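Single-structure report; data block below.
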Amino acid sequence: MRRRVTPLPVAVAFASCLGLPQPAPAAPEPPPLTVMVADTGSMGRVLTDLNGRTLYRYDLDTAGRVRCLEACTATRKPLLHAPGTALRLPPGTAGTLGIVARPDGGEQVAYDGSPLYWYTADQQPADTAGVDLLWHVISPPNAPERTETVD
């Protein structure tokens with residue numbers, strides 16, 4: 001019985017015996033970003049979602065506990081975590097991303113323990129119309145100059 005030999009493995013084996021350079025394995029792609037940083041102009045660099053919507057924290061959310069529920073979420077949408085995806089800040093951005101369980105179901109992305117939301121009345125990327133007494137933009141220390149530019 002004759003064995004059939006395929007040419008590619010034979011060529012690779014032959015090249016390795018001769019000490020010829022082998023192609024380096026490709027570096028794995030980093031997971032996609034979970035949030036980005038955009039320059040708002042008036043409020044400096046802030047966290048945004050991947051669509052450029054400014055992200056906010058709510059003063060009544062304490063110790064990773066979500067308080068914006070039901071009617072609140074009509075205008076303040078939680079930044080939900082897609083199961084199985086890695087949490088990733090832009091390189092050089094200080095702070096940590098985590099997950100907070102929502103009482104109404106799902107997992108919400110949190111920055112340094114504060115659950116993140118976007119505001120439905122923000123019309124353009126990096127708008128900050130959602131700032132008020134209880135809602136604040138997130139300006140991470142040491143944020144990179146720009147991961148997204150918004151005019």
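The values are calculated or read from the model by the stated rules, or taken from the named source; none is laboratory data. None of the values given here were measured: they were computed from a predicted structure. Here Cβ is always computed from backbone atoms with ideal geometry, including for glycine, and neighbour counts include all displayed protein chains. Note: accessible area is taken over every heavy atom of the protein model, side chains too, but ligands, DNA and RNA are not part of it. Shrake-Rupley method; radii C 1.70, N 1.55, O 1.52, S 1.80 Å.
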Enumerate the calculated ³J(HN,Hα) couplings along segment 131-141 in order (Karplus 6.51 cos²θ - 1.76 cosθ + 1.60, θ = phi - 60°), each rounded to whole Hz, writing x wherever the residue is Gly or Pro. 6, 8, 4, 10, 10, 9, 6, 10, 10, x, x
Explain nothing, just compute: Karplus ³J(HN,Hα) = 6.51 cos²θ - 1.76 cosθ + 1.60, θ = phi - 60°, for every residue of segment 33-42 in order, whole Hz, x for Gly and Pro. 5, 8, 10, 10, 10, 10, 8, 8, x, 5
Using the Cα centre as the reference, give the magnitude of the dipole from point charges on the C-beta atoms of segment 43-130 (Lys, Arg: +1; Asp, Glu: -1; all else neutral), rounded to the nearest 20 debye. 100 debye
When the Karplus curve 6.51 cos²θ - 1.76 cosθ + 1.60 is applied with θ = phi - 60°, which whole-Hz ³J(HN,Hα) does each residue of segment 116-129 get, with x for Gly and Pro? 9, 9, 10, 9, 5, 7, 5, 8, 10, x, 6, 5, 10, 5
What figure in square angstrom, to the nearest 10, would you give for the accessible area of Asp59 with a 1.4 Å probe? 60 Å²
Once a ≥ b ≥ c are taken as the square roots of the eigenvalues of the Cα gyration tensor of segment 28-132, is the result rounded (a/c under 1.5), prolate (a/b larger than b/c) or oblate (a/b not larger than b/c)? oblate
